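The structure under discussion appears below in the form of structure tokens.
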Amino acid sequence: MGPAASGNWEVALGDLNGDNWLELVTGGTQAGRDAVANVALNNGDGTFAASTSVAMGVKNFADVMLGDIDGDGSLDILLTDQGRGVMAALSNGDGTFGSPKLLSSGGGSAYFGLALGDVDHQHALHGLPDFFS
């Protein structure tokens, strides 16, 4: 998936285009470049299409996760930047993604991992998961 890489790479799986097959997403850095999320759509026969890269605007990649953070029923890509915060690329529902947005700033904190869940039991009220880094 993607060009030769160095540094930290993480993997996430999820149905990104509504075909009920799991797609493969890797997040990581390439030498001398910003971090990217590489998306490989599932062909449905045990193979994956060539990956496409989503530039995430992340300098110090730490983790990648998929989750529906805008309540539209499609999985979005989230990446943590150790010095900046959490970046999200919202799904278009077809395996492609919009431009990444900063969800939370680092505020001097280091971000190394990411978790999504309904910890306040308000998911039914606002339809969105809570996230923690």
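Throughout, read-outs are computed from the coordinates displayed, never taken from laboratory work. Owing to the predicted nature of the structure, the values given are computational and were not obtained by experimental measurement. Neighbour counts are summed over all protein chains in view; Cβ atoms, including those assigned to glycine, are modelled from backbone coordinates with ideal geometry.
Assorted remarks:
- Near T29: Cβ cut-off under 13 Å, other residues only, Lys/Arg at +1 and Asp/Glu at -1. The net charge is -2.
- Rounded to the nearest 0.05, the FRET efficiency derived from the C-beta distance between L22 and D70 at R0 = 22 Å is 0.60.
- Computed label-point distance, nm, for sites K101 and R33 using a 7 Å Cα→Cβ extension: 2.6
- Count Lys and Arg as plus one, Asp and Glu as minus one, and take only other residues whose Cβ is under 13 Å from that of G85; the net charge is then +1.
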